[in-house]
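Participant: Here it is: the structure, laid out below.
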């Protein structure tokens with residue numbers, strides 16, 4: 001995890017001073033339904049997933065008031081297992097029946113979740129022709145109900161038809177149809193215990209326009225029934241003004257507000273390209289509203305990829321939690337309360353705006369499927385440093401932790417021999433620096449060394465780094481060796497590696513915070 005801002009040393013939060021009920025207002029949909037995994041191939045089957053709300057309440061108990069936030073998903077979501085019951089046995093989950101072309105039931109099983117996957121490792125005597133899903137809704141009220149998955153669906157509620165329609169994927173990408181399946185939903189008032197049933201018939205659909213080969217692949221995949229089929233069931237989104245009013249009220253009465261924002265698994269997936277780095281939904285408005293009402297505001301960013309933070313100057317602290325895994329809620333609580341120091345550093349540069357990145361306009365040409373890499377060797381942070389895009393909001397390697405660091409006595413302890421080192425016959429340059437920590441607690445620093453070649457056609461590159469634990473009000477001497485491979489470039493003319501000479505080493509706390517420059521011979 002990475003601390004990007006910590007005005008006035010607000011973090012770590014003092015647990016002993018936050019014991020009164022309501023002392024902490026924890027706000028946000030992702031506080032309750034934390035994104036612990038990415039989508040598509042980034043998903044596994046963990047035994048459990050701990051939300052930030054569960055983690056912080058475990059640590060602070062009634063001191064935490066949890067307030068739901070604005071809607072963050074752009075697509076209908078599968079029902080949570082606790083929200084539905086199998087009508088055959090009353091157990092959380094749903095009933096799944098798979099039928100063949102003669103309408104004979106080949107499989108009749110309980111599912112612990114709200115989705116079933118067809119076409120990968122089925123143990124069925126014949127090809128499936130339809131899938132029937134049934135579940136009772138645990139709660140009543142205004143509810144979003146629907147289905148997820150490709151096919152011809154018939155959906156009923158307590159025996160009354162809600163819809164009969166074809167649900168088909170957009171575009172022509174077979175992976176997207178499986179990893180980000182299409183959906184349909186509607187909002188309506190339901191009674192507690194209502195029976196939701198949906199049957200999906202596997203049918204051939206009209207081929208989608210696209211490059212030769214991919215159209216046929218998608219058409220055949222849909223016809224085979226491959227993919228996920230599932231039920232949508234959960235509270236319908238509330239009006240935004242009501243959500244903001246609840247968040248503001250909780251923030252105003254608390255000692256500190258913690259707002260959890262970020263991306264969802266449908267954004268953190270290879271199944272679909274992003275068109276913006278803005279947070280989905282009205283999460284920016286939520287942060288602004290809370291920051292305007294709270295005494296102090298911490299924002300936890302639940303995202304593995306860069307996001308825009310137009311409210312950055314209006315909040316007191318920002319902690320990037322990434323996608324924290326099945327124990328994520330406990331880990332975030334430990335970081336916020338100082339049980340563990342969030343000593344990570346950014347592994348990417350975060351653009352200041354949409355379009356403000358070296359590779360933003362790199363795209364596949366629709367007809368030839370060519371992908372011209374116009375950023376050339378100036379990829380990511382290298383392009384930012386070369387001025388090929390506006391300076392990012394946050395650079396590669398940025399991060400504060402809970403220390404207060406200064407650097408002193410920087411020296412090139414070994415100039416090395418880059419040419420020999422690339423041949424395995426010597427060492428690359430090595431840098432030493434004294435790191436001092438003025439904070440009242442021990443903290444970890446990550447000293448970074450970047451190589452800036454003398455040749456202006458060559459980009460800067462991270463050549464070495466070293467982590468060091470520095471005691472409270474103490475100092476440590478750090479030696480940072482560099483990687484000889486970073487002095488090489490591939491020469492297309494000779495089809496061989498060549499070695500770059502000269503240049504300088506940049507000692508930094510992230511590429512946007514260079515503390516010293518050492519010229520190389």
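Participant: Which of the residues belonging to the range 282-295 are in a loop (DSSP other than H, G, I, E, B) and touching a helix residue (DSSP H, G or I) at 6+ places or on another chain (Cβ under 8 Å)? Step through it out loud before you land on a result.
Facilitator: We begin by selecting, within the range 282-295, every residue in a loop (DSSP other than H, G, I, E, B); these are 282, 294-295.
Hits for the range 282-295 are 282, 294.
Participant: Another question, if that's okay. Here are some residues: 134, 139, 107. Which one is surrounded by 13 or more Cβ atoms within 10 Å (Cβ to Cβ), in the same structural domain as residue 226 (by TED's automatic domain parsing), in a loop (DSSP other than H, G, I, E, B) and at pLDDT 90 or above?
Facilitator: 139
Participant: If you don't mind, another one. Could you tell me how many of the residues in the range 112-137 are farther than 13 Å from residue 232 by Cα, under 30 Å from the mean Cα position of the chain (by Cα) and touching a residue at least 24 places away in the same chain (Cβ under 8 Å)?
Facilitator: 5
Participant: Here is a further query. Regarding the range 261-272, can at least one residue be identified that is surrounded by 16 or more Cβ atoms within 10 Å (Cβ to Cβ), outside the structural domain of residue 97 (by TED's automatic domain parsing), outside any loop (DSSP other than H, G, I, E, B) and modelled with pLDDT of 85 or more?
Facilitator: Yes, there is a match, as at least one residue in the range 261-272 is surrounded by 16 or more Cβ atoms within 10 Å (Cβ to Cβ), outside the structural domain of residue 97 (by TED's automatic domain parsing), outside any loop (DSSP other than H, G, I, E, B) and modelled with pLDDT of 85 or more.
Participant: Kindly indicate whether any position in the range 458-470 is over 23 Å from residue 403 (Cβ atoms) and free of Cβ contacts under 8 Å to residues at least 40 places away in the same chain.
Facilitator: no
Participant: Only residues that are under 19 Å from residue 98 (Cα atoms) and in a loop (DSSP other than H, G, I, E, B): list them for the range 144-159, please.
Facilitator: Once the filter is applied, which keeps residues that are under 19 Å from residue 98 (Cα atoms) and in a loop (DSSP other than H, G, I, E, B), the range 144-159 yields 149, 150.
Participant: Could you say which residue among 235, 182 is exposed (fewer than 14 other Cβ atoms within 10 Å of the Cβ), within 21 Å of residue 149 (Cα to Cα) and either in contact with a helix residue (DSSP H, G or I) (Cβ under 7 Å, 6 or more places away or on another chain) or modelled with pLDDT of 75 or more (or both)?
Facilitator: Just a single option satisfies the conditions, and that option is 235.
One line per residue, one yes/no per condition, for (1) assigned by TED's automatic domain parsing to the domain that holds residue 427; (2) crowded, with 18+ Cβ neighbours inside 10 Å; (3) on the phi > 0 side of the Ramachandran plot; (4) part of a strand (DSSP E or B):
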position: 451; (1), (2), (3), (4): yes, yes, no, yes
position: 454; (1), (2), (3), (4): yes, no, no, no
position: 457; (1), (2), (3), (4): yes, no, no, no
position: 462; (1), (2), (3), (4): yes, yes, no, yes
position: 467; (1), (2), (3), (4): yes, no, no, yes
position: 477; (1), (2), (3), (4): yes, no, no, yes
position: 486; (1), (2), (3), (4): yes, yes, no, no
position: 490; (1), (2), (3), (4): yes, no, no, yes
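Participant: Of the residues that make up the range 39-46, is at least one surrounded by 19 or more Cβ atoms within 10 Å (Cβ to Cβ) and at pLDDT 90 or above?
Facilitator: The answer is no; no qualifying residue exists.
Participant: Looking at the structure I just gave you, is residue 162 more than 21 Å from residue 49 (Cβ to Cβ), at pLDDT 95 or above and out of contact with any helix residue (DSSP H, G or I) (no Cβ under 9 Å at 6 or more places or on another chain)?
Facilitator: yes
Participant: Which residue pairs have Cβ atoms closer than 9 Å, lie 6 or more positions apart in sequence or on different chains, and pair a first residue in the range 237-249 that is closer than 9 Å to residue 71 by Cα with a second residue that is assigned to a helix (DSSP H, G or I) and at pLDDT 95 or above?
Facilitator: Short answer, once both residue conditions are applied: 237/243; 238/246; 240/285; 240/286.
Participant: Could you pull out the residue among 8, 61, 22 that is part of a loop (DSSP other than H, G, I, E, B), surrounded by fewer than 21 Cβ atoms within 10 Å (Cβ to Cβ) and either in the same structural domain as residue 333 (by TED's automatic domain parsing) or on the phi > 0 side of the Ramachandran plot (or both)? So that I can check it myself, show each step before the final result.
Facilitator: Details: 8 fails: part of a loop (DSSP other than H, G, I, E, B); 61 fails: part of a loop (DSSP other than H, G, I, E, B).
None of the other options fit; the residue is 22.
Participant: Going by what's in this entry, would residue 275 be described as out of contact with any strand residue (DSSP E or B) (no Cβ under 7 Å at 6 or more places or on another chain) and either surrounded by 15 or more Cβ atoms within 10 Å (Cβ to Cβ) or over 28 Å from residue 445 (Cα atoms) (or both)?
Facilitator: yes
Participant: Which members of the range 296-318 meet the condition of being surrounded by fewer than 18 Cβ atoms within 10 Å (Cβ to Cβ) and in a loop (DSSP other than H, G, I, E, B)?
Facilitator: As a first pass, look at the range 296-318 and keep what is surrounded by fewer than 18 Cβ atoms within 10 Å (Cβ to Cβ): 305, 310, 312-314.
Listed by number, the residues that qualify are 305, 310.
Participant: Is one or more of the residues making up the range 336-343 part of a helix (DSSP H, G or I), closer than 30 Å to residue 295 by Cα and under 21 Å from the mean Cα position of the chain (by Cα)?
Facilitator: Restricting attention to the range 336-343, the residues satisfying the condition of being part of a helix (DSSP H, G or I) are 336-337.
Okay, now just the ones that are also closer than 30 Å to residue 295 by Cα, so 336-337.
Those still in the list that are under 21 Å from the mean Cα position of the chain (by Cα) too: 336.
There is at least one residue in the range 336-343 that is part of a helix (DSSP H, G or I), closer than 30 Å to residue 295 by Cα and under 21 Å from the mean Cα position of the chain (by Cα).
Participant: Next question, about the same structure. Got a number for residues in the range 240-260 being within 25 Å of the chain's Cα centre (by Cα) and either farther than 23 Å from residue 18 by Cβ or at pLDDT below 95 (or both)?
Facilitator: Counting residues in the range 240-260 that are within 25 Å of the chain's Cα centre (by Cα) and either farther than 23 Å from residue 18 by Cβ or at pLDDT below 95 (or both) gives 3.
The values are calculated or read from the model by the stated rules, or taken from the named source; none is laboratory data. Treat the numbers as computed from the prediction; the structure is a model and nothing was measured. Cβ sites come from the backbone with ideal geometry, for glycine too, and all protein chains shown count toward neighbours.
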